[in-house]
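A.B. asks: One structure, pasted below without further comment.
Every number here is computed from the coordinates shown, using simple stated rules; none is lab data. Since the model is a prediction, treat every value here as computed from it, not as a measurement. Quick reminder, even Gly has a Cβ in these numbers, built from the backbone with ideal geometry, and neighbours come from all protein chains shown.
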Amino acid sequence: MKSTGESSEFFLYKLFPFCLISLLMLASCTGYTHQEPYEVEFLKRAQTYVQGNIEVTAVVLSADESSALFGAFVAETGVQPVWIRVRNNDSVPYWLFSVSVDPEYFSPHEAAWKNHFTLGAYSNVEMDSVFRRRQIHPYIPAGETVSGFVYTRLDEGVKTFSVDLKTAGRPGKTFFFFTPVPGFRADNADLNITAINQGRDMVELTSLEELRQWIKELPCCVFGEDGVSHADPLNLVMVGHLQDILPAYIMRGWSLAESAHFGAIWKMVKSFVFGANYRYSPVSPLYLYGRKQDLALQKARETIDERNHLRLWVAPVLFQGMPVMVGQISRDIGVRLTGKLSPPTTHVIDPEVDEARWYLEQDLLLSQRISSVGLAKGVGYAPASSPRHNLLGDPYYTDGLRLVAFFTEKPVSFMEVHLLDWEMPEDIRFLHQDDD
């Protein structure tokens with residue numbers, strides 16, 4: 001005769017499959033809730049551009065807006081819907097090339113799949129339908145308006161993209177968008193060149209020779225918080241409006257640095273521990289003109305240990321009416337311990353700072369937003385046999401020149417960029433050979 005305990009175990013054993021099936025059925029019936037586009041106020045941030053008889057409007061959804069519209073934590077899966085509307089008032093049809101918005105955009109089913117519920121069943125079927133119905137159709141007939149979403153990869157801070165429209169027998173049209181993404185706490189959230197220059201004694205430069213001499217007389221380096229201790233070499237000069245400078249960087253894969261709030265610090269710790277990429281890692285403050293950098297940008301590699309990064313400051317000078325930003329660039333190649341910071345770790349810079357400068361020059365030229373480029377004296381020569389050291393003691397050597405780049409609103413072919421006949425860079429290999 002079985003004991004009471006054995007009977008209970010046998011009963012539970014028999015009951016378990018029934019309970020499991022019931023849970024699965026319950027989960028499959030879980031309601032899928034989402035809002036309609038007219039219920040979410042994202043259009044107030046939309047940007048609209050017109051070329052001839054074509055009008056294009058676009059807006060990038062925030063993480064909260066994506067969740068409300070699609071009923072899932074879309075941003076957490078790396079998907080960022082971009083809403084686009086095309087009014088075709090022309091006499092011919094056009095085709096929208098979604099690859100111009102993002103060369104690696106997601107299909108509707110792919111984007112939905114990434115957001116499926118584990119036990120969703122019918123809810124996932126409905127989600128597939130929502131993502132599919134809301135995709136913008138690429139064909140825009142003459143005299144009609146088409147709108148919908150392109151499912152792009154996630155960007156934070158700012159997003160740049162083009163909307164390319166093609167038609168038969170005529171040149172196509174390209175609309176360029178540069179738009180902030182809500183919900184990101186950038187280190188330069190309130191950057192306003194006009195406000196920074198308000199009340200400053202501005203220097204007005206009118207000729208290239210005046211600019212060249214002004215660049216030569218800049219300090220050799222940026223500083224620590226005390227305003228005295230030399231940090232990294234001041235090896236960049238950017239001439240142009242911020243709305244032209246920033247898109248050039250973003251288009252080449254550079255990201256804004258996040259401000260050093262608790263969430264960002266926690267993401268840095270996780271990236272360091274697990275060896276992950278963190279595109280928006282905060283950049284430590286350095287100082288010029290009595291303040292920390294006005295703008296910090298970086299291009300991260302596979303791990304947080306390695307990245308190209310730069311800092312820029314708005315200078316109290318105008319060249320032919322255009323703002324001037326000065327700064328420094330270096331390449332992080334690893335991490336080491338230090339007793340000067342908390343937490344006690346810091347990046348190690350590549351001592352060949354001119355290589356980082358050369359990398360940036362190539363990158364900016366490929367952005368097609370540079371009209372002129374050259375090198376000017378100013379940092380001061382420092383060979384490998386007698387290097388300088390930055391704020392945390394890392395050595396660096398340099399030919400002593402500064403990269404000078406002039407930005408433009410209109411695209412300029414790589415082959416059409418004007419090269420300033422100022423200074424020629426030293427061969428980096430020569431700097432190594434000083435020790436031989």
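A.B. asks: For the pair Tyr359 and Tyr38, what calculated FRET efficiency results from E = 1/(1 + (r/R0)^6), where r is the Cβ-Cβ distance and R0 = 45 Å, to the nearest 0.05?
C.D. replies: It comes out at approximately 0.45.
A.B. asks: For Met325, Met424, which order do you get if you count the other beta carbons within 10 Å of each Cβ and list the fewest first?
C.D. replies: Final ranking by Cβ density, sparse to dense: Met424, Met325.
A.B. asks: Additional query: Output the relative contact order of the stretch 37-180, whole-number percent, from Cα pairs under 8 angstrom with separation of 6+ residues.
C.D. replies: This gives 27 percent for the stretch 37-180.
A.B. asks: To make sure I understand, if each residue's beta carbon is the centre and we count other beta carbons within 10 Å, what order do Thr206, Thr398, Thr174 fall in, fewest to most?
C.D. replies: Fewest to most other Cβ atoms nearby, the residues stand as Thr206, Thr174, Thr398.
A.B. asks: Only counting other Cβ atoms within 10 Å, I'd like Val314, Val324, Val99 sorted with the fewest neighbours first.
C.D. replies: Final ranking by Cβ density, sparse to dense: Val99, Val324, Val314.
A.B. asks: What are the ³J(HN,Hα) couplings of the stretch 121-136, residue after residue, when phi is run through the Karplus curve with 6.51, -1.76, 1.60 and θ = phi - 60°? Round to Hz, x for glycine and proline.
C.D. replies: In residue order, the calculated couplings are 6, 4, 4, 5, 5, 5, 4, 4, 5, 5, 4, 5, 5, 8, 5, 6 Hz.
A.B. asks: Once you have a ≥ b ≥ c as the square roots of the Cα gyration tensor eigenvalues for the stretch 37-180, tell me rounded if a/c is under 1.5, and otherwise prolate or oblate according to whether a/b is larger than b/c.
C.D. replies: Taking the square roots of the gyration eigenvalues as a ≥ b ≥ c, the stretch 37-180 is prolate.
A.B. asks: Follow-up. Can you compute the modelled spin-label distance between Ala168 and Lys410, with each label point 7 Å from Cα toward Cβ, in nm?
C.D. replies: 3.2
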